[in-house]
Every structure is written in structure tokens, then in C-alpha cells.
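The values are calculated or read from the model by the stated rules, or taken from the named source; none is laboratory data. These numbers were taken from a predicted model, which means no experiment stands behind them. As a convention, Cβ positions derive from the backbone with ideal geometry for all residues, glycine included, and neighbour counts pool all protein chains shown.
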Amino acid sequence: MSSPPLAIIPPAHPLVGRVTPPGSKSITNRALLLAALARGTSRLTGALKSRDTTLMAAALRQMGVVVDEPDDTSFVVTSPGRLSRPDQPLMLGNAGTAMRFLTAAAALCDGTVILDGDDAMRKRPIGPLLTAMQSLGIAAAAPTGCPPVTVQGRGHFGSGRVEIDGSLSSQYVSALLMAAADGQGPIEVVLAGKDLDARGYVDLTVAAMTAFGAKVELVDRTTWRVAPTGYTATDFVVEPDASASTYLWAAEALTQGRIDLGVPIEAFTQPDAKAAQLIRMFPHLPTVIDGSQMQDAVPTLAVLAAFNATPVRFTGIANLRVKECDRIRALATELSRIRPGLGREDGDDLIVAADPGLAGQTLPARIETYEDHRIAMSFALAALRIGGIVILDPACVGKTYPGYWDALRALGVEMRQL
Ligand SMILES: O=C(O)C1=C[C@@H](OP(=O)(O)O)[C@@H](O)[C@H](O)C1
Ligand SMILES: C=C(OP(=O)(O)O)C(=O)O
């Protein structure tokens, strides 16, 4: 059921203040899984509490891991060091990280594991990951090429060489790498097909694995060698979420404000932190932005581009079509709802016809959010400068940033639930 629409009133002042961004979704869900694979107790602090991490934690509990939540930003994970076969299917909503990472990890259980998600997740491809697992001798099936998935766990990940086509999602590579430390012997994960978009997410994976005691060697740009070390319980600090921070950086740029996130941009290791340099260039964003290495920041940059001095073409974003929704289509459609022709698809590129004159106008538009947190959060930025914007189903931000609307309110943005 969708939540009541939210009308946002453009603030008459620059947004100035302090906001603490939530913990990184990507890092929290990696750390939760790795802690679950390590015998003993691991404390995760600075973690994200949101729909995606709640789903990951619940799935791990179904597999016999104790996940305590002593406060709003910590998880304490106590594990026997292996995952038990769950009695019921793992229901993972539309959490891509949980679905992909747990599909590989399910091979470490003894017995059958079914992983399923919501309607949107049932359209997100997982075939390449299953093909890779099958090549290691693991029985894994998804008749439609998308969840639900059935994995016959056999208690280990095998050994040898596994090829993976990561062109649709880097999460397949991350999933294999994390499970590979529980191999019977060393496992080489080799990229097949074109180079990865979002390579930075695989670097995050290797960093998290290393923190939990794994040994991963980058043999060359396409090959990682993972030793069969298993994982060691540890205390782990999750950095703030860079993708969530992009909305605040953009809000600052759009209103010529000053928002202190309490963390310098250089401290982020996540790929989307690269967007900060572009946002700083506003209103003179480049005419072409390659979004491949900062994919989750593209909705933020696209809405910002609507107010830029010159049009912007976004390239390298084909796999935005298989995220929470088809984000290329959603961005083009919703930008054009504000002003016809403001956003347009060109093959798999998105072209935003910039119009600095939009700022200060009233252009009533009810923004469809397609149950996609990033569509809701990015179009709220348009509402900081344009009157009459209503965000439909605003609660969808709970996937990764449940405190988003409160953060904007704390900066003095007025909103009305309709
Ligand atoms: O590994 C991760 O944590 C993520 C990888 C990216 O997805 P893809 O690898 O599917 O592009 C990104 O869009 C997603 O939000 C998080
Ligand atoms: C694509 C995203 O999420 P996921 O793939 O983890 O569902 C996202 O958070 O923008």
C-alpha cells in the first residue's frame, strides 16, 4: 500500500545546517553477511537501519544467526560461523544486495534455500550469477532468469575458477567473492564480458572481506584470487552513505546553502562520492556525464541538471533500467511531467534539457515514484526550487534513507501530507 502524497514548499532561504547521513547500505549489508559467516560476535557501528538492511538481518536470523540491535545505528551479530538451512523462503523485498549476496551465500547452507522478493525484484535479472555458481558444481535455478531462486546448499563454495559476466550488475561479482572465502580451496573469480560498471562496489567488497580476515588478491583487472580462509569476527565501523549524501550536496548547490554532513568528501570510499565533484560544478555541469561509475547518483545529477545552464547527456547508464525501476524511463517521464521535453531517452542515454528559468516557477506536478527511493529523493530536490511539486508514495525512501524527510524538515523545508 502506498503512503499519502507529500507536497513540498520551496524554501525561501538557502538550506543551512547540519545533517548526519545514514550509514552506507552497501557496506552495512556486506558487513552483516560477513559477520554472519564468522564464528563469534561482531559489532557493527554506524550502520544503516532501513528496509534493505532489515531484510538482510531478518534473512540471517532465519539461517540461525543472532542479530541484536542495541541502538539505532548498531548491529551485534553472533554466529556459529555457518548458515543453517532456513525453514521458509527468504523474502528479500527489492533489496538487490540482499538478493544477490544471499543467493551465493545460500550455497554455504546444508540443504535447499529459496530466495524471493517483491514484484519489482522478480523482474531483476539473476541468471549470470546462477550460471557462475553452476560452473562451481552448485545446483541453483531461477526458471524466469529472475527471482525466485532455488539453491541447493552443500556447506561450501567449491574451488577452482569461476567466470562471471558482471555487465548487468556488479553485485554478482561481489556475491561470488564473499562466498568464495568459504571455498574448499582457493577460488579465482574471473570477469567475462565487458569491464564492470560500478567497479568501485567490488573494491568495497574486497575491503570489507579483508576487514573480516579474508585474503583476496587482485591478480589483474579481471581476476581476483580468494583464499579459503573463512571469516573472523570483528568490530566494524560503517561509513556514512555516499548515495544518500548526494541529495544533501545537491540541495546545498541548488539553494546556495551550506549543509554540514560532519564527514569530509575525501573520507568516503563509495563510488557515488565521485558525484560531489560534479555537483560542485553546478550550474555548469559538463555537457556529457558518464554515470557508469556513480550509478546511484544519476537520479540526483539528472534532477540537478534540469536547473543547469546547459543541457546534459548521461551515458554509461544502461543498467539503470534494471534497478528498483527502469530509472532512465522514470527520470525522463517525471522530468517531462514538470515541463514537457525536460527529460528524454536516447537509446540508453538520458538527455536533460536544462532550463535555469525553472527556478522560482510554480509548475504543479504529481511525481510518480515507482516504489523507487531514489526517484522520490531526487525529485524532492526539484521541489526545493519549483512550487507545486507533490511526491507520491514518499515512504518509499525507507529502502535506504528512512530519515530523509525529517532531514529536509530539519533544514527548514516545509512539507504537507495530502
Ligand atoms: O554492490 C552494491 O552495494 C551496489 C551495487 C550497485 O548495483 P549494481 O552492481 O547492480 O549495478 C548499486 O546500484 C547498488 O545500489 C549497490
Ligand atoms: C540500485 C539500488 O539498490 P539495490 O540494487 O541494492 O536494490 C539503489 O539503492 O539505488
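Just one of (1) touching a residue at least 24 places away in the same chain (Cβ under 8 Å); (2) under 21 Å from PHE101 (Cα atoms); (3) among the polar types (S, T, N, Q) fails for SER2. It is (2).
Name the residue that is farthest from ligand 1 (Cβ to nearest atom), counting only residues in region 150-173 that are more than 21 Å from ASP110 (Cα to Cα), among the aliphatic types (A, V, I, L, M) and modelled with pLDDT of 95 or more. That would be VAL162.
Just to be sure, is GLU217 at pLDDT 95 or above and out of contact with any Gly (no Cβ under 9 Å at 6 or more places or on another chain)? Yes; evaluated as a whole, the condition is true for this residue. Listed here are the strands (runs of 3 or more DSSP E) enclosed by region 67-171 that have at least 3 residues being touching a residue at least 24 places away in the same chain (Cβ under 8 Å): 74-79, 110-116, 149-154, 160-165. None of ALA207, ALA198 is outside the structural domain of VAL397 (by TED's automatic domain parsing), surrounded by fewer than 21 Cβ atoms within 10 Å (Cβ to Cβ) and within 14 Å of ligand 1 (Cβ to nearest atom) except ALA207.
Kindly indicate which of ALA47, ALA59 is closer than 23 Å to HIS373 by Cα, outside any loop (DSSP other than H, G, I, E, B) and at pLDDT 95 or above.
Only one candidate passes the filter, namely ALA59.
GLY23 satisfies every condition listed in (1) closer than 21 Å to LYS215 by Cα; (2) surrounded by 24 or more Cβ atoms within 10 Å (Cβ to Cβ); (3) small (Gly, Ala, Ser) except (1).
Mind listing just one residue for me: the one in region 361-376 that is of a type in the set (Val, Ile, Thr) and without any contact (Cβ under 8 Å) to a residue 40 or more places away in the chain and, of those, surrounded by the fewest Cβ atoms within 10 Å (Cβ to Cβ)? By that ranking, first place goes to THR362. Among the residues of region 48-81, those that are charged (D, E, K, R) and either within 16 Å of ligand 1 (Cβ to nearest atom) or touching a Lys or Arg at 6+ places or on another chain (Cβ under 8 Å) (or both) comprise ARG51, ASP52, GLU69, ASP72. The condition (being farther than 22 Å from SER169 by Cβ and of a type outside the set (S, T, N, Q)) is satisfied by just one residue among ILE279, ILE289: ILE279. Where helices (runs of 4 or more DSSP H) sit wholly within region 326-418, those with at least 3 residues that are within 24 Å of LEU55 (Cβ to Cβ) and within 16 Å of ligand 1 (Cβ to nearest atom) occupy 373-382.
For region 174-188, the count of residues that are assigned to a strand (DSSP E or B), more than 30 Å from LEU381 (Cα to Cα) and in the same structural domain as LEU83 (by TED's automatic domain parsing) is nonzero.
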